[in-house]
1. Of the residues 125, 119, which single one is free of Cβ contacts under 8 Å to residues at least 40 places away in the same chain, farther than 24 Å from residue 18 by Cα and touching a helix residue (DSSP H, G or I) at 6+ places or on another chain (Cβ under 8 Å)?
2. When residue 90 is evaluated against the numbered criteria (1) surrounded by 11 or more Cβ atoms within 10 Å (Cβ to Cβ); (2) over 26 Å from residue 14 (Cβ atoms); (3) free of Cβ contacts under 8 Å to residues at least 40 places away in the same chain, which criterion, by number, is the only one it fails?
3. Which of the following residues is at pLDDT 95 or above, farther than 15 Å from residue 111 by Cβ and either out of contact with any strand residue (DSSP E or B) (no Cβ under 9 Å at 6 or more places or on another chain) or not in a helix (DSSP H, G or I) (or both): 21, 45?
4. Which of (1) in contact (Cβ under 8 Å) with a residue 60 or more places away in the chain; (2) assigned to a loop (DSSP other than H, G, I, E, B); (3) more than 28 Å from residue 107 (Cβ to Cβ) does residue 27 not meet, given it meets every other one?
5. So which residues in the stretch 48-77 are within 20 Å of residue 97 (Cβ to Cβ) and in a loop (DSSP other than H, G, I, E, B)?
């Protein structure tokens, strides 16, 4: 199956896909800020440059798009119909890198929380989960 766009148009479309400051990421940041949490963004000294870093709580929040990071069982984690081998490898690399980043961060003593894009359809639930995890982190600091 061939692409519906020309090569130059496909390049233009793909160039508009952002890796930072995405709508889901901004929603989580806004949520955390309203709850009174202060954070840093994309710290380059940490593995994977986490989306949101809360140093006071030794926690990072990874905001994942369901499509790109392959949210298990999610309807948004569909596979494109064209170039199946390319996409299978691309997604496998993304998942492998995500797993590696989580492992490295945990080894450095960071609590890692993943928020999936589809979870933001119920922001109150995400806020409650984040608040609960961060409050627990403040009570029981990691050694």
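The values are calculated or read from the model by the stated rules, or taken from the named source; none is laboratory data. Note that the structure is a prediction, hence the values are computed from the model and not measured. Using ideal geometry, Cβ is built from the backbone for each residue, glycine included, and neighbour counts are taken over all protein chains shown.
1. On the way: 119 fails: farther than 24 Å from residue 18 by Cα.
Just a single option satisfies the conditions, and that option is 125.
2. Condition not satisfied by residue 90: (2).
3. That would be 45, the only listed residue that is at pLDDT 95 or above, farther than 15 Å from residue 111 by Cβ and either out of contact with any strand residue (DSSP E or B) (no Cβ under 9 Å at 6 or more places or on another chain) or not in a helix (DSSP H, G or I) (or both).
4. (2)
5. 48, 49, 50, 51, 65, 70, 71, 72, 74, 76, 77
Yes or no, residue by residue, for (1) over 23 Å from residue 129 (Cα atoms); (2) out of contact with any strand residue (DSSP E or B) (no Cβ under 6 Å at 6 or more places or on another chain):
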site: 9; (1), (2): yes, yes
site: 13; (1), (2): yes, yes
site: 36; (1), (2): no, yes
site: 40; (1), (2): no, no
site: 56; (1), (2): no, yes
site: 63; (1), (2): no, no
site: 73; (1), (2): no, yes
site: 89; (1), (2): yes, yes
